[in-house]
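Any read-out appearing in this document is the output of simple, stated calculations on the displayed coordinates, not a laboratory observation. Remember, predicted model here, so these are calculated numbers, not experimental data. Methodologically, a virtual Cβ is constructed for each residue, glycine included, from the backbone with ideal geometry; neighbour enumeration extends over all protein chains shown.
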Amino acid sequence: MSDGLARRQAELVAALVAGGTDPAGFDAARLAATRAALLRKRAGLVAAAWPLLAVDAGADWQARFDARFAGVAPYGPEREGWDLARELAAAGRLGAGARRELAAREAALHYDGRTAPRPRNRLSRWWYRSRPERSGSRSGPSDG
């Protein structure tokens, strides 16, 4: 791949998901539509990872997600949901179900806001890994 093509592709990706400027030669309306579709997809992934957070937001879910993550490069639905839940909790805008969901994650996992969450202790690691939706996606330390 030529350096010019790689550069243009990087510019396009940055414009679509990371708040970069629209590259020359692309229709602005189509870029905006694609940007919105990608945000909806991300919001859906975060809602799947944090269902009570999404339910708590109700019809405002997409607007809340967009307000927080438009122009922010994706870094994973679990971490994005965690950050959003913490921010809403700090602002006093987190419902009871989402507060319980956040508290359960905080009890079981350590998340520093920069790296992937990891289990706090051996029992937490077992509980977290035994959940069906987590099987096969272990990113924490080993049990050894």
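Summary table
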item	result
Calculated from backbone phi, Karplus (6.51, -1.76, 1.60) coupling profile of the stretch 71-84 in Hz, x at Gly/Pro	x, 9, 4, x, 9, x, x, 5, 5, 5, x, 4, 4, 5
Per-bin percent of Cα-Cα distances, the stretch 71-128 [5 Å]	4, 18, 27, 23, 18, 8, 2, 0
Overall dimensions of the chain by Cα: Rg and Dmax, Å	17.8, 54
Cα pair count fraction exceeding 22 Å, expressed as % - the stretch 1-83	32 percent
Among 45-52, 97-104, 16-23, 5-12, the order from most to least packed when residues are scored by Cβ within 10 Å on average	45-52, 97-104, 16-23, 5-12
Amide hydrogen neighbours beyond the local backbone of His110, cut-off 5 Å, H modeled	Arg118, Arg120
Residue with peak Gaussian network fluctuation, the chain [Cα springs, cutoff 10 Å], from Asp66, Asp56, Asp112	Asp112
Helix-only [θ]222 nm of the chain, DSSP H runs n ≥ 4, -39500 (n - 2.57) each, per residue, nearest 500	-19500 deg cm²/dmol
With at most 15 other Cβ atoms within 10 Å, longest stretch of the chain clear of loop chymotrypsin sites (Phe, Trp or Tyr not before Pro) (DSSP)	76-144
Karplus 3J(HN,Hα) series, Hz, for the stretch 22-37 with 6.51 cos²θ - 1.76 cosθ + 1.60 (x for Gly, Pro)	5, x, 5, x, 10, 5, 4, 5, 5, 4, 5, 5, 5, 4, 5, 5
